[in-house]
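Contents: one structure, followed by commentary.
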Amino acid sequence: MAYYEVTQGTDREETQMHVVTNWDHASSALLARNSYQPQFKDHVTFAAANPVATSYSGDRRLFLGRNRSLLSPVALQHKFLSRRSGAGLDPCLALQTAIDLRPGEERDVILPIGQASSLQQARALIQRYRDPLYFEEALASTKAWWDSLLSTIEVTTPEDETNWLLNRWLMYQTLACRIWARSAFYQSGGAFGFRDQLQDTMAAVYVLPRMARDHIVLAASRQFREGDVQHWWHQVSGAGVRTRCSDDLLWLPYVACHYAQVSGDEAIFDVQIPFLEGPALAAIEHELYFIPSVSIEDGTLFEHCVRAVRKASEFGPHGLPLIGSGDWNDGMNRVGIEGRGESVWLGWFFVEVLKKLMPVCERRQENELLAEFQRLTDRMIAGLESQGWDGEWYRRAYFDDGTPIGSDARPEARIDSLPQSWAAIALGKTDRTEQAMAAAQKYLVRDKDKIVLLFDPPFDKSTPHPGYIMGYPPGVRENGGQYTHGALWMALAYARLGDGTRAVELLRMMSPIAHSRTAEDALRYKGEPYAVAADVYALEGQEGRAGWTWYTGSSGWMYRVWIEEILGFKLRGDRFSLEPCLPKDWKGFSFRYNYGESSYTVTVENPDGVSQGVVFIEVNGEKLADKWIPLKDNGKNNRILIRMGIPEKVQEAQDQEGEGVKG
């Protein structure tokens, strides 16, 4: 027996009255259609079986029974299903097929389910995938495709759980759920988020660079002439929401620069992309949902990036960027509702964006822009250091009335991880960034519960009111729980400070496997052990419980922090380097990168137990003069040996060896 619930929209509760089920005699399959869904009203969802179903039900109420659930549906007490379908039901797709088995006999049952653009296409797909031979070929082909893609980078570290996540699950979650499905159990929408999928492509560039390129161009096409962007949009219609969200637009230059650096594809900045046109937000409006028109004006991707920077260059009374209707933390949508609230985190992120964009300006000989962006960077850093520092850590933001968030003087949201992490990411090691990260470690990392808080204490009775974030119970999601996306930036920051041990400690805490090692752990966590959770509760009595899983940008960021920062893989077009930042108890690891028909297998040795420091590199038995390993598709398995250590000790050993030879 097979059972599927039918949504055909965002929520079953909203669409069930419009979904019509029917049994199709021509294909012996159960179908469903929602003719009230504007973009997909002709699409047909189908469920079939081989052996062919002997009974069916399109009525969820009859399948489950009164006051019952899937734990004990009444249908299992009947010989046949209801054979009822039609309109006005609580829709489902349930099939029953009969099989006679001799003792020890095995039989395969094929259950094709899918959606087609027409009834004719649905019938063709059903017929094709019912064929056992075609089904087996399709399954084998799909497995081979994923195996090939996910083996682009393969690692072997001292930690099996890290290998499982990096070699399979993190990239799969990023591609299958975040980029392609854009939907999951806890969030079913299908829209593109401007900053969401852009960030996901930063991980995907290693396995599907063309797809990453295409998405950057697509995202740029959702930018208005004024420089702001659609916060999210539906691709089929183009409908989306124009907001005052302050960080969205800056992810375009940030991600474009990352893609160009990794792929070596500087030509992407010359791609001509049209802008959007639409009504500007009125003074009293904070967002507007509509279908914009495509402007006759276009510009290169580089011009799109410049407009984003200039539009974002709006500052408040403390000389910090305006927070608008929220920055990365959407829930703080009332902090700047009057147009004067400011974001300290956004300032540090903005600095990092400019640091990435200025070398592009230099290569393009955009000298005036380079000078403009350098002045902007200097101005922001000065403002952040003078107005963003609280004494032991960086503040998070300022309300419209000047009240700080993330200050020791405040009873709620006293310290927030984001400005500490991004100050370290943008500036590297300074007295203040080290002090700020130490404070974040002290107040936000809970070793016992294996969680890394976004901020603490949570909002509860705050005045001024920060926004819908207070709609979450204290310690849940963005309101002072572990919001894994932001927590990963703490691990990234520690790696940038050269502390591989602390960075990996945090990464281990955020691993879904770490929360599922024992039955007790799994009962508390209640999430899949292979999918990264968007959030983990710090709510009293629910500490360590997973929130929603799968649909989260955390999977892509976790992949990147491990690959780029801890293992130190720096791909730069036709060359790469490995500059690890390891926990000191690791004695090494291996790294394999498949490049065309060739492979590069790197063995990293760390005999002295250091976090950083490469003392020599050998490529196919020959020492390399610098850190860059050239990539050539020579059809070989190229072998690289990298030795980490303390340079002084290596030089001393070489000197002693030389004296021994002379003697």
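The values are calculated or read from the model by the stated rules, or taken from the named source; none is laboratory data. What you see is a predicted model, and the numbers here were worked out from it, not measured in a lab. Cβ atoms come from the backbone with ideal geometry, glycine included; neighbour counts cover every protein chain shown.
A few comments on the model shown:
- Residues that are at pLDDT 95 or above and in a strand (DSSP E or B) were ranked within the stretch 620-636; the one that is nearest to L497 (Cα to Cα) is I629.
- Considering only residues in the stretch 156-201 that are of a type in the set (S, T, N, Q), over 14 Å from W557 (Cα atoms) and without any contact (Cβ under 8 Å) to a residue 60 or more places away in the chain, the one that is surrounded by the fewest Cβ atoms within 10 Å (Cβ to Cβ) turns out to be N163.
- Count of the stretch 76-110 residues which are closer than 21 Å to N50 by Cβ and not in a loop (DSSP other than H, G, I, E, B): 6
- Residue within the stretch 455-466 that is assigned to a loop (DSSP other than H, G, I, E, B), basic (K, R) and in contact with a helix residue (DSSP H, G or I) (Cβ under 8 Å, 6 or more places away or on another chain) present: no
- Out of W169, W164, sole residue that is closer than 30 Å to E5 by Cβ and aromatic (F, W, Y): W169
- Pairs, first in contact (Cβ under 8 Å) with a residue 12 or more places away in the chain and within 13 Å of K41 (Cβ to Cβ) in the stretch 102-119, second surrounded by 10 or more Cβ atoms within 10 Å (Cβ to Cβ) and acidic (D, E), C-beta under 7 Å, six or more apart: S117/D42; S118/D42
- In the condition set (1) of a type in the set (D, E); (2) touching a Lys or Arg at 6+ places or on another chain (Cβ under 8 Å); (3) touching a residue at least 60 places away in the same chain (Cβ under 8 Å), D499 is compliant with all but (2).
- Candidate set: the stretch 278-331, residues that are among the hydroxyl-bearing types (S, T, Y) and in a strand (DSSP E or B); chosen: the one farthest from G471 (Cα to Cα): T300
- Test: L125 is part of a loop (DSSP other than H, G, I, E, B) and crowded, with 16+ Cβ neighbours inside 10 Å: no
- Considered as a group, the residues in the stretch 202-217 that are in a helix (DSSP H, G or I) and touching a residue at least 60 places away in the same chain (Cβ under 8 Å) include one that is surrounded by the fewest Cβ atoms within 10 Å (Cβ to Cβ), and that residue is V217.
- Number of the condition not met by Q387 [criteria: (1) in contact (Cβ under 8 Å) with a residue 60 or more places away in the chain; (2) farther than 22 Å from A487 by Cβ; (3) touching a helix residue (DSSP H, G or I) at 6+ places or on another chain (Cβ under 7 Å)]: (3)
- The lone exception for V229 - which of (1) free of Cβ contacts under 8 Å to residues at least 60 places away in the same chain; (2) closer than 23 Å to W557 by Cβ it fails: (1)
- Condition met for L523 (more than 18 Å from the chain's Cα centre (by Cα), more than 30 Å from E352 (Cα to Cα) and either crowded, with 21+ Cβ neighbours inside 10 Å or not charged (D, E, K, R) (or both)): yes
- Taken across the stretch 66-77, residues that are surrounded by 18 or more Cβ atoms within 10 Å (Cβ to Cβ) and either within 25 Å of D11 (Cβ to Cβ) or of a type outside the set (S, T, N, Q) (or both) do occur, with at least one present.
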